Amino acid sequence: MNAAIRSVVRSAMYFGIDCIGIRRGYNGLIHGDILRMDAPSVSRIINSGGTILYTARSEEFKTEVGQQKAVDSCKLLGLDGIVAIGGDGTFRGAQALSKYGISVVGIPATIDNDIACTDYTLGYDTASNTAVDAIDKLRDTMQSHERCSVVEVMGRNAGHLALYVGLAVGATTVLVPEKPYNFEEDVLECIRAARFRGRTHYMIVVAEGAASAFNVAQEIKDAIHIDPRVTVLGHIQRGGCPSARDRVMATRMGYQAVEALAEGKTNRLICTVRGTLVDVDLLEGLSMKRTLSEQQYKVLKALTHA
Ligand code: F6P
């Protein structure tokens, strides 16, 4: 997110546009929690995780009164356009603002990678690498003690992150919300297959939207009397130094968002489709349903049941 903020500010400067930062999301817009953004305000943030603007979920903005207050703020501040950086909730908010005639362009940023109209959302690569790094470290103990590990990965209601991470760590099995699992076939059979291949430790990756890692561990213990250790990676996945891919994508998307506003576009979402940056209609983009990669899932099935 910081790399995207930096790019938006620097690109705005390039286009001769004054820029302010709205802190704490839509709450900040409602209450005028803003700061002036210039070159020094975004220097040396390209490599830092999180967001210098803070972030918050706003219950007030969900109400019509809250939205009207936000629109009044926009008018008071003389805003010609807003670049909204975030996920689904951010864009539903952006859409609400655009109904009041505020120009909005969105940049998708969520580790869940669950926005249908874009192949990529900022943070996904860094979060994947963080999870892979953590699981690689866990594996050392699991391997030495010949244990089973059940690792819960974030992703809200989507399994993209868990599946991707599972493939990257060579997981024994991966449980994702998009594919309701059968415990016997999708967990026990995979452990047996791994054992048959000579494995003496097992790495079960569970998407938080599929099941609780603690429940899965208990089920394994009850069924086959091995005593898994549970790790919930949690917010560790949302922090840390962003990967090169995230920094470059954020920089490109930030520029594209400002360029779109400068061209008079509104209600657009900056997306990457087969490697190309495009802007799509916000409403259309949000109404699309993101499905799990069937190819990735097929490969996972093949490799975990072999
Ligand atoms: O949407 C990003 C995400 O990190 C999800 O993967 C996760 O379920 C959720 O946010 C966590 O939200 P909170 O920080 O409010 O606990």
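Points to keep in mind about this one:
- If you check ALA84, ALA94, ALA109 for being without any contact (Cβ under 8 Å) to a residue 60 or more places away in the chain, of a type outside the set (Val, Ile, Thr) and under 30 Å from PRO177 (Cα atoms), only one passes: ALA84.
- With respect to the conditions (1) among the small types (Gly, Ala, Ser); (2) at positive phi; (3) open to solvent by less than 20 Å² (accessible area, probe 1.4 Å), GLY101 falls short on a single one, namely (3).
- All of LEU163, LEU233 fail the test of being open to solvent by 10 Å² or more (accessible area, probe 1.4 Å) and within 16 Å of the ligand (Cβ to nearest atom), apart from LEU233.
- Restricting LEU77, LEU53 to those that are out of contact with any Leu (no Cβ under 6 Å at 6 or more places or on another chain) and farther than 26 Å from SER243 by Cβ reduces the list to LEU77.
- Apart from one condition, HIS225 fits all of (1) at pLDDT 95 or above; (2) open to solvent by 10 Å² or more (accessible area, probe 1.4 Å); the exception is (1).
- Of all residues in segment 201-254, those satisfying the criterion of being of a type in the set (D, E, K, R) and in a helix (DSSP H, G or I) are GLU219, LYS221, ASP222, ARG238, ARG245, ASP246, ARG247, ARG252.
- For the residues ARG195, ARG247, ARG252, the requirement of being open to solvent by 80 Å² or more (accessible area, probe 1.4 Å) and within 26 Å of THR110 (Cα to Cα) singles out ARG252.
- THR90 satisfies every condition listed in (1) outside any loop (DSSP other than H, G, I, E, B); (2) over 18 Å from ILE270 (Cβ atoms); (3) within 16 Å of the ligand (Cβ to nearest atom) except (2).
- From GLU263, GLU294, GLU284, residue being open to solvent by 60 Å² or more (accessible area, probe 1.4 Å), under 22 Å from the mean Cα position of the chain (by Cα), of a type in the set (Asp, Glu) and modelled with pLDDT of 95 or more: GLU294
- Hits in segment 267-306 - residues which are in contact with a Leu (Cβ under 9 Å, 6 or more places away or on another chain), part of a loop (DSSP other than H, G, I, E, B) and closer than 30 Å to PHE15 by Cβ: ASN267
- Looking across segment 188-234, the residues that are under 26 Å from the mean Cα position of the chain (by Cα) and among the β-branched types (Val, Ile, Thr) come down to ILE204, VAL205, VAL206, VAL216, VAL230, THR231, VAL232.
- Conditions (1) within 15 Å of the ligand (Cβ to nearest atom); (2) in a helix (DSSP H, G or I); (3) in contact (Cβ under 8 Å) with a residue 40 or more places away in the chain; number of the one not met by ILE135: (1)
- Residue under evaluation LEU29, criteria (1) open to solvent by 20 Å² or more (accessible area, probe 1.4 Å); (2) of a type outside the set (Val, Ile, Thr); (3) under 17 Å from PHE91 (Cα atoms), criterion not met: (1)
The values are calculated or read from the model by the stated rules, or taken from the named source; none is laboratory data. Treat the numbers as computed from the prediction; the structure is a model and nothing was measured. Cβ sites come from the backbone with ideal geometry, for glycine too, and all protein chains shown count toward neighbours. Calculation scope for accessible area: heavy atoms of the full protein, side chains included, ligands and nucleic acids excluded. Shrake-Rupley method; radii C 1.70, N 1.55, O 1.52, S 1.80 Å.
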